[in-house]
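Down below is the structure, laid out as structure tokens.
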Amino acid sequence: MDQTEKPSFFITTPIYYVNAAPHLGTAYCTMLCDVQARYRRAAGYDVKFLTGMDEHGQKVAEAAEAHGMTPQEWCDSQAPLFTGLWDELEIANDDFIRTTEPRQQRAVQRLWERMRESGYLYKGSYDGWYCVPEETYFTENQVRKSDEEHECVGQHLCPDCGRPLERVQEESYFFKLSAFQDRLLALYDEHPEFVQPDFRMNEVRSFVEGGLQDLSVSRTSFDWGIKVPFDDKHVTYVWFDALLNYATAVGFADETDEGKAEYAKRWPAQFHVVGKDIIRFHCVIWPAMLMAIGEELPEHVFAHGFLTVRNSETGKAEKMSKSRGNAIAPADVVERLGVEGYRYYFMTDVTHGEDSAISFERMDQVYNADLANSWGNLVSRALNMSAKYFDGCVPELDGGVLDAESPLREIAQGIEGRYAERMDVLDYAGAKDVVMELVHAANHYVEDSAPWTVAKDPARAGELKVIISHLLESIRICAHLFAPIMPETSAEVLRRMGLEAEVECEDLAAACAWGGLKGGVAVTKGDALFPRLAQEK
Ligand code: MSP
């Protein structure tokens, strides 16, 4: 299909703070988007998948100083940690934005100009509390006072993360967020699909119903940020800067013809995928900013839960984070399961809207049960039998072999539609169940039809052909459906079946229609795709 005819699909991750090396939690969010981006490419969309780094703010300036670097040097030193990990985890992003880039500088300055013109900006003075690690402002009655049991007695603590707050008293520009209460509530009423999964909507709505405070959007007490173009004592509040990255990357404030065309085509984004901790920024502040300057709103904000790990002392599940010291390095999981096993576990065994406790035991179980024993085993059995009984080839598909009735053919009917329904709402566990139904049925079919017995009787040659070709056809379809989650393995399966040309799929529904198998081509048996893990691992 011509690229220009394809519908655009623009999906984003949050941009990550540079202060913590990426861990399983950050990789999880990026992978959620990668799977969606791959699925949409295969389904015929012209996809832009954006991720990047959030590089401004006091916290970055402080970290740079602690490392004896300038803030820019510090950010530059961190970028390869992210891009390197994304490469290793088969993340196929189309763009990687850094908020220190000139395109972001230009876009943020344009935002200031447009905000000023809009009348929703005023200069005042800020007197309140600021959480540096969370980059969030709080009013006096929002803060938690530390109590006797807490180690920082007498301090004001962040209501979100519990860490001590800084008192901030300074001149600041304010964004009139309070003026958007009614328009935001109308947005939630008219577009209930704006916030996903739907149970998160209640939280967003009640926050807005509780009344909105104007937002302080500039700081004067440090200078690592984008200067306010008409008042260079002020730098932009990090979230005001960071949220705009999504628009910057598709040409906001790019006056070239190319930039304008890109913006017209890509904006608004279809999906912002974010963690539940930053839902207010994305479902309240960001749409209000866009309303203020008259830009369209993103279609969906999908909030995922946290990956948690059990604290061995308290027995409680805790959010995995670098600062808590409980973060598992992605390399440890890759070493154990391989990249595709890693992707399969995190994408299909974690319920994406909820918090999920992860464990190495569970990883091994899922890997062995689903990948080694079911999917991997099916592929190797079917390819081996095809090679053995059909002279190293896929059977010839003459005489309507694939038209014969079989339980597999029945399950495969409409499978792409059932799968797409789940994938469209990022329910990858549900999509996996659809595919695994066919995988399990195929393994049962092998047992029930016992091709090794059928092969002994020359009079049953036609039957043998049906069995093997229906197995291979099911595998071909499953390989397509698993490809967004395990791209390399799926490509390998298709190659082993002589279907190299199908690897770059742009019409998933057509690819998954029963009947695409090529008869008479050589099959490659190859090594086990997912070698079983030893018990004690
Ligand atoms: N820089 C801001 C986002 C700005 S977007 C305009 C930020 N960065 S972050 O690095 O702290 O977090 C980025 C994302 O990682 C968030 O969506 C957060 O929810 C996610 N995660 C961090 N730890 C996580 C887990 N343990 N589990 C799942 N996701 C986690 O916030």
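Compute the helix-to-body angle for 377-389: its Cα long axis versus the longest principal axis of the chain, expressed 0 to 90° and rounded to tens.
Relative to the chain, helix 377-389 is tipped by roughly 30 degrees.
Over the chain, what is the percentage of antiparallel beta bridges among all DSSP beta bridges, to the nearest 5?
Details: 26 of 49 bridges.
Restricted to the chain, the bridges split so that about 55 percent are antiparallel.
If one computes the Cα centroid of segment 479-510 and of segment 108-148, what distance in Å separates the two points?
Result: 49 Å between the Cα centres.
Please give the contour-minus-distance gain from Lys123 to Arg144: 0.36 nm per residue of separation, less the Cα-Cα distance, rounded to one decimal in nm.
Values: separation 21, 0.36 × 21 = 7.56 nm, distance 2.79 nm.
Residue separation times 0.36 nm, minus the Cα-Cα distance, leaves 4.8 nm.
Going highest first, how would you order 197-208, 488-499, 89-100, 50-61 by mean Cβ packing within 10 Å?
Working: 197-208: 15.3, 488-499: 20.8, 89-100: 18.8, 50-61: 24.3.
Averaged packing, sorted descending, gives the order 50-61, 488-499, 89-100, 197-208.
Which percent, nearest 5, of DSSP beta bridges in segment 3-304 are antiparallel? Don't skip to the end; give the middle numbers.
Numbers: 22 of 43 bridges.
If I count the DSSP bridges inside segment 3-304, around 50 percent turn out antiparallel.
Taking the Cα centre of each part, how many Å lie between segment 307-356 and segment 421-473?
33 Å
Which order do Leu85, Leu184 fall in if you start with the one that has the fewest other Cβ atoms within 10 Å?
Working: Leu85 20, Leu184 23.
Exposure proxy ranking, most exposed first: Leu85, Leu184.
Show me 25-32, 255-262 ranked by packing, highest mean number of other Cβ atoms within 10 Å first. The partial results should precede the final answer.
Numbers: 25-32: 22.5, 255-262: 11.5.
Ranking the peptides 25-32, 255-262 by packing returns 25-32, 255-262.
So what is the relative contact order for the chain, in percent, with contacts set as C-alpha pairs under 8 Å and at least six apart? Could the numbers behind the result be given before it?
Numbers: 856 pairs, mean separation 83.2, N = 537.
Worked out over the chain, it gives 15 percent.
Against the longest alpha carbon principal axis of the chain, how many degrees, from 0 to 90 and to the nearest 10, is the axis of helix 257-266 turned?
So the inclination is approximately 70 degrees.
Ranked by Cβ crowding within 10 angstrom, fewest neighbours first, how are Leu177, Leu533 ordered?
If I rank by nearby Cβ atoms, fewest first, I get Leu533, Leu177.
Would you mind checking Lys48/Lys233; Lys6/Lys319; Lys276/Lys432 for any pair whose Cα atoms are more than 32 angstrom apart? Don't jump to the answer; show the numbers that get you there.
On the way: Lys48/Lys233 36 Å; Lys6/Lys319 40 Å; Lys276/Lys432 24 Å.
The answer is Lys48/Lys233; Lys6/Lys319.
Take the alpha carbon atoms of segment 24-69, find their center, do the same for segment 223-248, and report the distance between the two centers in whole angstrom.
When both Cα centres are located, 19 Å separates them.
Arrange the following residues from fewest to most other Cβ atoms within 10 Å of their Cβ: Ser221, Ser380.
Working: Ser221 13, Ser380 17.
With the sparsest Cβ surroundings first, the list reads Ser221, Ser380.
I'd like the orientation of helix 330-348 relative to the chain: the angle between its Cα long axis and the longest Cα principal axis, in ° from 0 to 90, rounded to 10.
Here the helix axis deviates by roughly 80 degrees.
For every helix of n ≥ 4 consecutive DSSP H residues, a contribution of -39,500 (n - 2.57) applies; sum these over the chain, divide by its total residues, and give [θ] at 222 nm rounded to the nearest 500 deg cm²/dmol.
On the way: 19 runs with 227 residues, N = 537.
It comes out at -13000 deg cm²/dmol, rounded to the nearest 500.
What spacing in nm lies between the two simple spin-label points modelled at Asp457 and Glu5, each 7 Å away from Cα in the Cβ direction?
Using points 7 Å along Cα→Cβ, the separation is 5.0 nm.
Taking a quarter of the surface of the convex hull around the Cα atoms of the chain, what do you get in nm²?
On the way: hull surface 111.6 nm².
Average projection, Cα convex hull of the chain: 27.9 nm².
If the viscosity is 1.002 mPa s and the temperature 20 °C, what Stokes-Einstein diffusion coefficient in µm²/s follows for segment 3-304 when Rh is the Kirkwood radius over Cα pairs?
Details: Rh = 20.1 Å.
In µm²/s, the coefficient is 107.
Would you please give the residues with an amide H less than 5 Å from that of Ala43, counting only those at least 5 places away or on a separate chain, with H modeled from the backbone geometry?
Here Leu508 satisfy the definition.
Just how many % of Cα pairs in segment 340-511 lie over 29 Å apart, if you round to the nearest whole percent?
Working: 3100 of 14706 pairs.
More than 29 Å apart: 21 percent of the Cα pairs in segment 340-511.
Run the simple label-point estimate for Glu447 and Thr220 please: 7 Å along Cα→C-beta, distance reported in nm.
7.5 nm
We did not get these values from a lab; they are worked out from the coordinates using the rules stated. This one's a predicted model, so the numbers in the text were calculated from it and none came from an experiment. All Cβ positions, glycine included, derive from the backbone under ideal geometry; neighbour counts span all protein chains shown.
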